[in-house]
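Working notes, beginning with the structure itself.
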Amino acid sequence: MAKMKSLFTEDISQIPQDIPKELLNEIRAEYKGDEYCDEQYKKYSHLFPLKYSKLKEASKEYLTDILHASVVFFYKERLKLMNNKTYTDYRDLTRTLEVKSESVFDIDSKYLKRNNNGLGFLNSFIKEALLKVTFAGKSKKTLKELTDNYKHNFKIACKTLAFKTDLSLNHMFSTSKLVDTQTVSNFRPTSAIYIFLEYALKQSDEKDIYILVPSEGWLGRLLASFYLAWNYRDRNIHYHTIDPNPEVNRVFHEVVSVLNKYGNFFKVDNWFPLIHQHGSETEEARFRDTYNVQYDLIGTSPPYILGGKSTELYTRGWKISLNTGETITISENDTFELDTGKTVKGSELLFGAFFKHNNSIVQVISKEDTGQANKYKNTVQGADVFVRPTINNAYYNLKAGGYFWWNVADTRQAPTLEIDSVWSAFNAGFVLEDILFYELSRVPGGALQKDGSRKSIRDIKPNHEPVFIFRKHSGIENSVPRDWDTSKEPLTTGDWEALSKDRGIPNLLTYISEKFGYDF
């Protein structure tokens with residue numbers, strides 16, 4: 001009988017080691033051109049997608065050829081995926097509608113866990129729009145422009161293996177968001193589901209639940225509102241949201257149309273979503289006046305437009321007032337026929353112009369830019385002109401006893417965004433009730449450490465962002481925010497201890513640290 005080989009006496013030198021990062025860096029610096037990529041893909045296309053484990057013992061020459069071939073694989077598979085406009089992931093939608101709160105939130109750590117249900121369904125609609133996203137960081141190009149470039153995709157391939165992951169479409173696409181870029185993320189539907197359940201549905205016995213999201217983003221919160229309507233047929237879910245990006249507005253209506261058809265088949269008739277295209281910091285965002293309602297829950301993860309940079313390319317939009325008294329919203333890609341017969345784009349439709357609209361000739365009497373990213377050129381402006389008015393509008397719109405949630409994280413462009421937000425909420429009249437933690441992927445290039453460095457993939461704690469939970473207490477009689485602009489000194493001076501003492505809140509940083517265990 002053959003003697004069993006012990007796992008503990010096996011020569012570990014015979015186990016294939018990871019691909020050295022030094023080797024990958026050498027290969028990355030030796031890009032051989034687009035034609036070479038095409039040649040290698042013809043040889044090795046049958047191998048893809050390719051497991052990382054299959055390449056651990058590969059020679060430098062073979063790795064070089066495979067990485068060049070993977071460039072074309074990624075390009076072709078990405079185009080195939082993006083051109084498939086007929087597929088909708090209903091299986092993912094079904095899984096999302098069956099999610100339980102314990103699978104998305106850890107009570108002990110207060111973590112909104114990484115449960116990606118719902119993203120597959122939404123990607124069926126937003127994948128094309130996401131290609132038009134602009135990333136802050138080293139690159140000024142859209143993801144589409146970047147991934148259409150073979151040389152850039154070669155960087156992606158090398159980085160994918162450096163992360164010890166397979167050369168597959170999903171892994172390479174994930175890596176593409178981390179090479180010379182800062183990705184725009186979609187707030188997870190499952191995290192929004194927990195917040196909506198905990199701070200809206202469970203807090204009210206009313207049949208009608210009103211939720212307002214000041215910045216819609218890529219529709220994760222919209223899907224969460226449909227979850228409420230689906231699982232709680234005895235409640236009417238009124239979901240109101242805002243986003244100045246015309247591309248978001250377009251996809252919003254596509255998703256609502258599909259969900260309405262899906263819901264009607266299962267007799268879901270208690271879901272009432274709507275979207276407005278303007279900034280959350282404007283007077284137009286005071287929906288309490290527009291709809292004569294005070295909301296049960298308000299909150300969002302706002303766009304990172306501070307510091308003069310945007311993580312999204314906002315298709316420019318304008319609010320146009322006509323001489324007929326009508327107001328319409330247009331984008332830069334819309335086309336209009338002037339009274340002269342000339343066709344112009346939205347960006348070229350100027351004040352005073354006459355154009356055809358609803359079978360008549362009308363005149364532009366005012367044109368206001370609705371794009372937030374075009375307005376605020378530095379962090380101080382962003383804090384004073386965007387963050388505070390948005391939070392004050394939330395306070396005004398919220399009912400007494402209602403909750404306001406705000407998911408932000410400090411960035412290099414806005415290193416005091418978290419405390420700016422908390423300070424603004426305190427000055428509006430909110431009380432901080434809790435701090436949750438939105439768990440992010442454990443990948444390099446995530447949120448900042450306190451010293452400004454990037455987190456490592458080897459960090460013991462998962463990467464996360466704070467979700468501040470505020471409340472407008474029922475004991476507060478006045479429903480209008482306090483005068484938060486009593487000091488002319490901007491928020492972003494960094495001298496928080498002096499400012500907190502000067503403004504009547506003794507040592508805000510210490511207070512939050514001691515009460516919630518959270519240090520800014």
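Sub-7 Å Cβ pairs linking a first residue in the range 162-190 that is under 23 Å from ASN117 (Cβ atoms) and modelled with pLDDT of 75 or more to a second residue that is surrounded by fewer than 18 Cβ atoms within 10 Å (Cβ to Cβ) and among the basic types (Lys, Arg), at least 6 apart or interchain, are ASP166/LYS51, ordered by first then second residue.
Scanning the range 41-62 for residues that are assigned to a helix (DSSP H, G or I) and of a type in the set (A, V, I, L, M, F, W, C) returns LEU47, LEU55. Among the candidates VAL387, VAL443, the residue that is modelled with pLDDT under 85 and buried (at least 20 other Cβ atoms within 10 Å of the Cβ) is uniquely VAL387.
When ASN117 is tested against (1) surrounded by fewer than 19 Cβ atoms within 10 Å (Cβ to Cβ); (2) part of a loop (DSSP other than H, G, I, E, B), just one condition goes unmet, and that condition is (1). Out of LYS54, LYS42, LYS80, LYS76, one residue alone is assigned by TED's automatic domain parsing to the domain that holds LEU143, modelled with pLDDT of 95 or more and more than 30 Å from ALA192 (Cβ to Cβ). It is LYS42. Regarding PHE354, is this residue aromatic (Phe, Trp, Tyr), farther than 27 Å from ILE391 by Cα and either at pLDDT below 85 or surrounded by fewer than 18 Cβ atoms within 10 Å (Cβ to Cβ) (or both)? In short, yes. If only residues of the range 228-245 that are crowded, with 24+ Cβ neighbours inside 10 Å and more than 19 Å from TYR291 (Cα to Cα) are counted, the one that is modelled with the highest pLDDT is PRO244. For the range 271-306, enumerate the residues that are among the aliphatic types (A, V, I, L, M) and assigned to a helix (DSSP H, G or I). Hits for the range 271-306 are ALA285, LEU306. Restricting attention to the range 256-299, the residues that are within 14 Å of LEU222 (Cβ to Cβ) and of a type in the set (Phe, Trp, Tyr) add up to 3.
Would you call GLU26 over 30 Å from PHE196 (Cα atoms), loosely packed, with under 14 Cβ neighbours inside 10 Å and at pLDDT 90 or above? Considered against the rule, which asks whether it is over 30 Å from PHE196 (Cα atoms), loosely packed, with under 14 Cβ neighbours inside 10 Å and at pLDDT 90 or above, GLU26 comes out as no. What is the residue count in the range 48-63 for residues that are small (Gly, Ala, Ser) and in contact (Cβ under 8 Å) with a residue 40 or more places away in the chain? Total satisfying the criteria: 0.
Let me confirm something: among SER204, SER191, SER215, which residue is surrounded by fewer than 18 Cβ atoms within 10 Å (Cβ to Cβ), out of contact with any Cys (no Cβ under 8 Å at 6 or more places or on another chain) and within 27 Å of PRO466 (Cβ to Cβ)?
Only one candidate qualifies: SER204.
Checking each residue in the range 255-270 for being outside any helix (DSSP H, G or I) and either modelled with pLDDT of 95 or more or within 29 Å of the chain's Cα centre (by Cα) (or both) picks out VAL268, ASP269, ASN270. Among residues of the range 405-440 being at pLDDT 85 or above and assigned to a loop (DSSP other than H, G, I, E, B), the one that is nearest to LYS472 (Cα to Cα) is PHE430.
Okay, residues lined up against (1) more than 30 Å from ARG388 (Cα to Cα); (2) without any contact (Cβ under 8 Å) to a residue 60 or more places away in the chain; (3) in the same structural domain as ILE328 (by TED's automatic domain parsing):
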residue: LYS261; (1), (2), (3): yes, yes, no
residue: PHE266; (1), (2), (3): yes, yes, no
residue: HIS276; (1), (2), (3): no, yes, no
residue: ALA285; (1), (2), (3): no, no, no
residue: GLN294; (1), (2), (3): no, no, no
residue: ILE298; (1), (2), (3): no, no, no
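Look at (1) in a helix (DSSP H, G or I); (2) at pLDDT 80 or above and you find that THR324 fails only one, number (1).
The values are calculated or read from the model by the stated rules, or taken from the named source; none is laboratory data. As the structure is a computational prediction, the values presented were derived from the model and not from experiment. So basically every Cβ, Gly included, is an ideal-geometry build from the backbone, and we count neighbours across all protein chains shown.
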